[in-house]
Amino acid sequence: MNDLKKPQYASVEYPFPLEEEPVVFCPVCGTPTFDFEDGGNMVINPCQCLAFVFLGRPPEFIYQSKGFKLRTSEKDLKGLTAKEMKSFIESLGYDNKFLTLEVTYGDYEDDPDWYTDIYGFDYGTYC
Ligand SMILES: [Zn+2]
């Protein structure tokens, strides 16, 4: 596949330590992927572009859009790791209107610790 037709992949590493988990905003429509409830709990706030949110530890999808679920219905998502995500997304048939954003940050909550969360944005759903 021509590289220009491949889904895009970007990595961001926040300076250490980060006091609070970063809130990622959709690069297309600007919607924050998470909202804060009264009391401070973070709740998913998906816009139409958000295809998935994958937390690195434990490795799991905490959000999947209908379109993403359709594309992955034949795939085995159990055991998928952050390191495998780029090739996994490329295997789903998305073109360059898809951006995978890998966000790495760390804190001192237990010991110095790093986390990688991954967000998928499907620009093809935006109109
Ligand atoms: Zn959006």
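Structure summary
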quantity: Residue match in the stretch 46-61 (condition: modelled with pLDDT of 95 or more, surrounded by fewer than 12 Cβ atoms within 10 Å (Cβ to Cβ) and either within 16 Å of the ligand (Cβ to nearest atom) or assigned to a strand (DSSP E or B) (or both)); calculated: no
quantity: Some residue of the stretch 93-101 being farther than 20 Å from Cys29 by Cβ and in contact with a strand residue (DSSP E or B) (Cβ under 9 Å, 6 or more places away or on another chain); calculated: no
quantity: Hits in the stretch 80-126 - residues which are in a loop (DSSP other than H, G, I, E, B) and away from the ligand (no atom under 16 Å from the Cβ); calculated: Leu80, Thr81, Ser91, Leu92, Gly93, Asp95, Asn96, Tyr108, Glu109, Asp110, Asp111, Pro112
quantity: Residue among Thr72, Thr33 that alone is β-branched (Val, Ile, Thr) and either touching a residue at least 60 places away in the same chain (Cβ under 8 Å) or within 16 Å of the ligand (Cβ to nearest atom) (or both); calculated: Thr33
quantity: Qualifying residue in the stretch 64-77 (condition: β-branched (Val, Ile, Thr) and closer than 29 Å to Tyr108 by Cβ); calculated: no
quantity: Residue within the stretch 102-113 that is surrounded by 15 or more Cβ atoms within 10 Å (Cβ to Cβ) and farther than 15 Å from Pro22 by Cβ present; calculated: no
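The values are calculated or read from the model by the stated rules, or taken from the named source; none is laboratory data. All values derive from a computational prediction rather than experimental measurement. When we count neighbours, we look across all protein chains shown, and the Cβ atoms used for this are built from the backbone with ideal geometry, even at glycine.
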